[in-house]
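The values are calculated or read from the model by the stated rules, or taken from the named source; none is laboratory data. It should be emphasised that the depicted structure is a prediction, and the values quoted were computed from it without experimental measurement. Glycine also receives a Cβ, built like all others from the backbone with ideal geometry; neighbour counts cover every protein chain displayed. Note: accessible area is taken over every heavy atom of the protein model, side chains too, but ligands, DNA and RNA are not part of it. Shrake-Rupley method; radii C 1.70, N 1.55, O 1.52, S 1.80 Å.
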Amino acid sequence: MAGIVIATLIVGVIGLLIGAALVAAGKKFYVEVDEREALVRECLPGNNCGGCGQAGCDAAAAAIVKGEAEVNVCPVCSQEAVEKISAIMGVDAAATVKKRAFVRCLGTCEKTSVKCNYVGIHDCRSAVLSGLSVWECDYGCLGFGSCVEACAFDALHVKEGAAVVDPEKCTGCGRCAAVCPKNLIELIRSDTKAAVACSSRARGPEVKKVCAAGCLGCKLCTKQCEAEAIQVEGNLAHIDYEKCVGCEKCMEKCPAKVIVRL
Amino acid sequence: MLRKTFQGGVHPADGKEFARNVPYRTYLPKGDLVFPLNQHIGKPARPVVQKGDLVLAGQLLAEADGFVSANIVSSCSGKVKALENRKTVAGLSVPCIVVENDSSYTLADGVGAETDAANLTGQEILDKIKAAGIIGLGGAGFPTHVKLAPKNPQEIEYVIANGAECEPYITCDDQLMRTKGSEIVEGLKIMLRLFPNAEGVILIEENKPEAIKAMEQACVGQERVRVQAVQTKYPQGGERSIISVVAGKHLKLGMLPADAGCVVDNVATVHAIYRAVCKSEPVMERGFTVSGDGVKSPCNLMVRIGTSFSEVLLEAGGIPEGVKAKKLLCGGPMMGIALASLDVPICKNNNALTVLCTDPVEEAQKAQTACLRCGRCNQVCPLGLTPQMMAVAAEKKNYERYEKKLYGLECIACGSCTYICPAKRPLMQLFKQAKAEIMAAKRK
């Protein structure tokens, strides 16, 4: 009986001592956490895509609370979420412009053809490094899907040899644009009306030889556009999205149908 | 007696039997010649001719722009047709000078003038080398006049003419040593003038007995010059492998050959130095091997710089009828670059065209499995790196570990690990990509 009492006392005393030590340590090493950080973090999407330039959503929330980043730093957040974050931080909501990725190439297997048999690592960057021009067109999408791998939102897929963006899922974080070795992916405002889906800077006849969906630099679109929104530079049409009114006259006239509605 | 060698390395089938006994013949191109402005490592040369200018063989087309850069001379006479972007071996469109060949090969003034090297000072020798546009003809393409002017010429102990030619199929250096032995020794002696305390070593793998004999004969009665035969093992021709054999020193991280008291140049470069200094001939032609089981008559050719690969393949009889060539390589099968098109020009540092009827990469890809952790890649790496761990880091894009912990940037891309890998992993390609991405991030 005495043994049990002694054991209980010893364990009880040790428990009390350790408890006291924990309380003391908790006080001494207390790290102040801004409660706003957790609230901001809840408004962020949580995919840790890195589109904001921070290490992930936690880091982005911390940066916003510390004032190191703007409240609309997250390119993925909706306007609603930004307003919530602004309310938490007590600042005016900045207007966010929703963006999306756009692949400036339509060169599927049907439109262009494979020039040489690339065998090696299934990655666009590796293919570019090998120096082999895989497709007849030197400028187009390689279709090995480096962008698909980079996308955290399952918004990009390679269909018949060329990458296609799913605008519903795309959040405009820009990770795909950063990995594309051909610089084909452009981040554009999601309310853009028309865009040129080709990146070839080769001259018209050469483009015609290698791809059925290549910009020939023929300037028919320039002549059609009443808003003067289209310019042809370096054998490639460019649309000034600010000026474009979305009349779609250029799309009708384009012989290769490279101007697409979004 | 076993000869000296370096640590690691592999023994691939050497394929030298195709062309090793075919003596050089000179091939004069018929079509236009294309001269890319960035044949060397460093800044591209600056053109000094304009469209429509008439040029002669040996005339300067573009001059070195900056410290690490090299001159480019015309290798034929004719009219400058265009200054435009053309595709090169590496698959990129780069600025090139295109010369319409008039097929007369009229030499420019002063080319071929005999000079006695004994009367020249060290600086005059370097100036002549620079004017001739000599770069590392073995493949690296580093401007030779820069390499031969290290900070401490007194401390150089060995000047090494690299005749290892360890890359399978290629035999142009072998033939050069057999036929131009005395000129190579003269070239080496000119280099030794720049390095008063150095010994000249001609390093040859023992699978080239005729070349060893020819060079030994050429060295008879010559001071400060000797031939060293070494074991046949790939990559014996790598700079570090050579230095470890000749000087017994292992280059540490970031060390240059000159820091270990060595200057290493390919025998073709040494021969070009002889021609530039003694004959005032700039780099207009080079030895070139066309070989492989997809070539009708494999051969060694003296080709003009700027000749198209397709012309050279035709000169070698083309691809025999009924044979389907599956792989075209600029260089050999270990380190060569696969070509998508033969309409690219031969640069100063391209030494071979290999045509293969099988594609080993395709077959390897079919048989690829996960890493077996057998560690053979670690054993064969001539630099003592750990390719197995580097591959894991590269695949996970853990570039910090790749660079800082595994010293992956030291990889010379010799391909020994990929050759030996029983799981057929594409190791070298992973390393090349990792290196390219790390270097790109550093430039930002």
Test: residue in the range A:133-140 that is touching a Ser or Thr at 6+ places or on another chain (Cβ under 9 Å), over 28 Å from B:K396 (Cα atoms), within 8 Å of chain B (Cβ to nearest Cβ) and assigned to a loop (DSSP other than H, G, I, E, B): yes
Near pairs, Cβ below 9 angstrom, 6+ apart or cross-chain, from the range A:134-160 (under 23 Å from A:N117 (Cβ atoms) and modelled with pLDDT under 90) to any residue that is part of a strand (DSSP E or B) and open to solvent by 40 Å² or more (accessible area, probe 1.4 Å): A:V134/A:V114; A:W135/A:V114; A:E136/A:V114; A:D138/B:K87; A:D138/B:S93
From the options B:V146, B:V185, residue that is over 30 Å from B:G292 (Cα atoms), assigned by TED's automatic domain parsing to the domain that holds B:G122 and at pLDDT 95 or above: B:V185
Residue within the range B:233-242 that is of a type in the set (S, T, Y), on the phi > 0 side of the Ramachandran plot, touching a residue at least 60 places away in the same chain (Cβ under 8 Å) and touching a Gly at 6+ places or on another chain (Cβ under 9 Å) present: no
Among (1) open to solvent by less than 10 Å² (accessible area, probe 1.4 Å); (2) within 14 Å of another protein chain (Cβ to nearest Cβ), the one test that B:G332 misses: (2)
Selection count, the range B:391-402, where residues are open to solvent by 40 Å² or more (accessible area, probe 1.4 Å) and more than 14 Å from chain A (Cβ to nearest Cβ): 3
Any hit, the range B:350-365, residues being open to solvent by 60 Å² or more (accessible area, probe 1.4 Å), away from chain A (no Cβ under 14 Å), at pLDDT below 95 and out of contact with any strand residue (DSSP E or B) (no Cβ under 9 Å at 6 or more places or on another chain): no
Options B:A131, B:A118: the member that is open to solvent by 60 Å² or more (accessible area, probe 1.4 Å), among the small types (G, A, S) and more than 14 Å from chain A (Cβ to nearest Cβ): B:A118
Residue list for the range B:410-444, restricted to those being within 12 Å of chain A (Cβ to nearest Cβ), crowded, with 20+ Cβ neighbours inside 10 Å and outside any helix (DSSP H, G or I): B:R425, B:P426
Number of positions in the range B:75-113 that are touching a residue at least 60 places away in the same chain (Cβ under 8 Å) and away from every other protein chain (no Cβ under 14 Å): 14
Residue in the range B:377-387 that is within 12 Å of chain A (Cβ to nearest Cβ), in contact (Cβ under 8 Å) with a residue 40 or more places away in the chain, more than 30 Å from B:R25 (Cβ to Cβ) and hydrophobic (A, V, I, L, M, F, W, C) present: no
Test: B:A140 is within 14 Å of chain A (Cβ to nearest Cβ), open to solvent by 20 Å² or more (accessible area, probe 1.4 Å) and under 26 Å from B:S341 (Cβ atoms): no
Any hit, the range A:101-114, residues being within 14 Å of chain B (Cβ to nearest Cβ) and in a loop (DSSP other than H, G, I, E, B): yes
